[in-house]
Amino acid sequence: MTTSTADPVITVAVLDPGGGKETAAVISSERALRLVEIASDPAGLLDELAQRPASVVVVDTRALTPDALLGLVGRLRETTTVVVLGDQTDAALLSRAVRAGARSLLVRPYEPDELVSAIRDVAGGPTSTAERRAGSGAVVTAVYSPKGGAGATTVATALAVALAQTRPGRVAIIDLDLRFGAVGIALDLRGKNTIVDLLARSAPLDLGLIDDIFVAHSSGVKVLLSPETLGLADSVSPEAIARLVQTLRAHFDHIVLDLPTSFDDVATAALRVADRVLLVTTPELPALRDLQRVLSAAPDLRNGRSQIVLNRWPSRAGVPLADVERALGRKVAITIPSDGAAMTRALNTGVSVLDRRAGLKSAGRFRDLARLVTSNGT
Ligand SMILES: Nc1ncnc2c1ncn2[C@@H]1O[C@H](COP(=O)(O)OP(=O)(O)OP(=O)(O)O)[C@@H](O)[C@H]1O
Ligand SMILES: [Mg+2]
């Protein structure tokens with residue numbers, strides 16, 4: 001990986017009871033990174049960091065008990081940015097570490113480039129959701145399924161509604177399915193303005209403009225709709241979308257992006273800009289195969305930022321959970337049951353999927369999903 005001389009150097013510390021040789025070699029070979037210390041135990045690491053702070057700390061889970069790891073991550077996240085590193089068998093623990101405040105995780109075996117990318121990605125961002133809120137703003141969560149109809153829009157809208165329950169007015173959902181967007185239908189909203197109108201405005205993006213263009217949902221979510229006319233999508237560039245999302249961060253605590261099924265430039269730009277990615281699938285072979293392909297094409301989705309949401313599970317004729325996880329090489333973070341007619345009714349009538357009147361059995365799962373996304377304690 002190359003770097004320009006203008007890039008600031010990222011200081012990195014490593015905790016590895018095994019000496020950290022393999023990690024150190026990767027970090028030292030990268031001009032943009034500077035290894036400031038290698039510690040073999042948590043106490044030693046904290047002592048060293050007090051003398052020489054590092055922007056990123058890579059914590060190897062080997063030889064740390066789960067409690068020690070989670071405690072350490074919780075402590076480090078106050079002052080620095082943590083990447084956790086472990087074996088495939090540690091997957092559940094690594095996910096818990098991310099929930100405790102690690103910004104990324106890496107599973108062995110990894111390519112040297114993946115470690116460098118993980119460090120560079122997290123170094124660019126704030127260290128915790130709490131800091132994001134106080135500093136650079138919203139946590140951005142992209143919801144994606146390469147298979148049509150798997151439930152991405154349902155998950156995205158329900159997540160936004162669940163997040164807004166405790167943060168009314170501070171949650172946005174952006175419909176990035178620019179051709180066949182269905183967020184408006186899912187939330188029973190119509191509006192004359194869409195993302196195309198917002199991008200066409202030259203006025204500074206302040207709350208006045210947001211309230212003018214976004215449509216307010218009764219849940220407290222602010223919704224940026226996609227255009228009604230097919231051809232308008234072509235006028236929107238992936239770069240403009242990435243810039244827009246970054247600018248909007250200042251005005252919200254959470255931004256949810258609902259993506260199109262196509263793995264196109266817009267989807268990949270949105271996946272890149274997101275802090276967290278929810279990959280939605282159903283327990284059927286075609287859906288799993290499509291998601292496998294995406295995971296192979298986008299290695300940065302294999303580690304760290306992304307979580308698998310298994311929709312419409314359990315399913316009588318579907319693939320068993322263990323086989324889903326084996327096929328994807330990943331743990332499923334959350335399962336959502338099929339809610340049949342109740343879900344359709346909730347969406348058709350515009351009654352929020354969390355609204356008690358809808359009587360959904362999946363309502364609790366959507367709240368769990370909101371907790372997963374805000375798991376740094378906000
Ligand atoms: N858990 C569920 N229980 C019942 N119905 C569901 C569930 N999840 C999704 N649906 C229904 O399935 C249909 C497709 O869902 P949704 O629009 O969320 O999928 P999508 O992945 O966004 O599809 P698209 O390819 O159109 O973007 C919708 O009618 C939705 O109400
Ligand atoms: Mg959709």
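No lab work stands behind these numbers, since they all come straight from the coordinates. Since the structure is predicted, the reported quantities are computational estimates derived from the model, not experimental observations. Counting neighbours? That spans all protein chains shown, and the Cβs are built from the backbone with ideal geometry, glycine included.
For Ser28, Ser55, Ser104, Ser202, what ranking results if the residue with the fewest other Cβ atoms within 10 Å of its Cβ goes first?
With the sparsest Cβ surroundings first, the list reads Ser202, Ser28, Ser55, Ser104.
Mind checking which aspartates and glutamates have their Cα closer than 14 Å to the Cα of Lys21? Skip sequence neighbours fewer than 8 apart in that chain.
Straight-distance partners of Lys21: Glu37, Asp60.
Dipole of region 234-378, Cα-centred, from +1 at each Lys and Arg C-beta and -1 at each Asp and Glu C-beta, to the nearest 20 debye? Display every interim value, and only then the final one.
Values: 20 positive and 15 negative charges, 122 e Å.
Dipole size: approximately 580 debye.
For the chain, what is the mean residue ellipticity at 222 nm derived from helices alone (per DSSP H run of n ≥ 4: -39500 (n - 2.57); sum divided by total residues; nearest 500 deg cm²/dmol)?
Per the formula, -11500 deg cm²/dmol.
Return the sequence-ordered ³J(HN,Hα) values of region 148-157 in whole Hz as given by the Karplus equation 6.51 cos²θ - 1.76 cosθ + 1.60 applied to θ = phi - 60°, using x for Gly and Pro.
x, x, 6, x, 4, 5, 4, 5, 4, 5
Given an 8 Å cut-off on Cα distances and at least 6 residues of separation, report the relative contact order of the chain as a percent. Write out the running numbers ahead of the final one.
Details: 718 pairs, mean separation 63.4, N = 378.
Reported as a whole number, the value is 17 percent.
For Lys222, give me every one of the lysines with a C-alpha distance below 20 angstrom, ignoring sequence neighbours fewer than eight places off in its own chain.
Filter leaves Lys192.
Which percent, nearest 5, of DSSP beta bridges in the chain are antiparallel?
Taking every DSSP beta bridge with both residues in the chain, the antiparallel ones total about 5 percent.
What is the percent of Cα-Cα separations in the chain that go past 28 Å?
45
What's the ranking of 138-148, 36-46, 177-187 by average number of surrounding C-beta atoms within 10 Å, highest first?
138-148, 177-187, 36-46
Assigning unit charges at the beta carbon (Lys, Arg +1; Asp, Glu -1) and nothing else, what dipole magnitude in debye, to the nearest 20, does the chain show about its Cα centre?
Details: 42 positive and 41 negative charges, 207 e Å.
That gives a dipole near 1000 debye.
Pop out the ³J(HN,Hα) list for region 261-266 in order, Karplus 6.51 cos²θ - 1.76 cosθ + 1.60 with θ = phi - 60°, rounded to Hz; leave Gly and Pro as x.
Those phi angles translate into 6, 5, 8, 9, 4, 5 Hz.
Neighbour counts of other C-beta atoms within 10 Å: give me Ser219, Ser375, Ser29 arranged from fewest to most.
Ser29, Ser375, Ser219
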